[in-house]
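One structure is given below, encoded as structure tokens.
The values are calculated or read from the model by the stated rules, or taken from the named source; none is laboratory data. Quick caveat: nothing in here was measured; it's all calculated off a predicted structure. All Cβ positions, even for glycine, are placed from backbone atoms using ideal geometry, and neighbour counts span all protein chains on display. Note: accessible area is taken over every heavy atom of the protein model, side chains too, but ligands, DNA and RNA are not part of it. Shrake-Rupley method; radii C 1.70, N 1.55, O 1.52, S 1.80 Å.
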Amino acid sequence: DNLHFAIGRRISDESIASAVIDRDVMQAVLDHLKMLGVQADLISSEVFALPYEEATWTVWLLQAEDGSCRSLLRTGPQAAAEMDAENLITALNFALEGMESDLRPTKLLLLHSEDKYDAMSVEPHTADIEIDSTDSTSAVVKSLLDELQTLCAEFALEPEIRKLNQASLAAMVSSQDV
């Protein structure tokens, strides 16, 4: 009763992708859009704003104002998850250990930003993703990035790290492929 289910594309003869969202969260998004004078024809998860490439899994580490961190993980065209960052390493380890080595991704794209991300505040526009090499990343994100690089080494994945700025976050969100 409290959840909204959406049916996605057929993945195989036996399964269909689906998405689940808390009805109150969805209503808050719709109310926010209405306040801005926007009529939504489609609502999609921010997970699908993450870049998707064949044989690449993408992780986006998002920091909250209170210093906590959550993560978005995209593993396929319609395969993704959101979780608190504390569970990310365990979830990735579990997923990778359970896969045949020839089915594992060959690359892990790690996205992070020191900007506090709030989907309700991003203004859509286009910009290239910028890679910022300055070292002002929070201790929580630095620790997670270190752990993710260790995981990459353990599973022979190529790590690619991108630090995003606010403009590149907005570009990524506004260009999502649903």
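The set of residues in region 122-159 that are at pLDDT below 85 and not in a loop (DSSP other than H, G, I, E, B) comprises A139, V140, V141, K142.
Please find, within region 7-32, the residue that is least open to solvent (accessible area, probe 1.4 Å) out of those that are free of Cβ contacts under 8 Å to residues at least 40 places away in the same chain and of a type in the set (D, E, K, R). Once the filter is applied, the top-ranked residue is D22. Filtering region 79-111 to residues that are open to solvent by 10 Å² or more (accessible area, probe 1.4 Å) and in contact with a Lys or Arg (Cβ under 6 Å, 6 or more places away or on another chain) leaves A80, D84.
Quick one: is N2 open to solvent by 40 Å² or more (accessible area, probe 1.4 Å), in contact with a strand residue (DSSP E or B) (Cβ under 9 Å, 6 or more places away or on another chain), within 30 Å of L110 (Cβ to Cβ) and at pLDDT 90 or above? So N2 fails the test.
When L92, L62, L108, L72 are checked against the criterion of being without any contact (Cβ under 8 Å) to a residue 60 or more places away in the chain, part of a helix (DSSP H, G or I) and touching a strand residue (DSSP E or B) at 6+ places or on another chain (Cβ under 9 Å), L92 stands alone in meeting it. Filtering region 39-53 to residues that are within 16 Å of the chain's Cα centre (by Cα) and in a loop (DSSP other than H, G, I, E, B) leaves I43, S44, S45, L50, P51, Y52, E53.
Residue by residue, here is whether (1) of a type in the set (S, T, N, Q); (2) over 20 Å from L72 (Cα atoms) holds:
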position: H4; (1), (2): no, no
position: R10; (1), (2): no, yes
position: S18; (1), (2): yes, no
position: V25; (1), (2): no, no
position: L30; (1), (2): no, yes
position: M35; (1), (2): no, yes
position: Q39; (1), (2): yes, yes
position: S44; (1), (2): yes, no
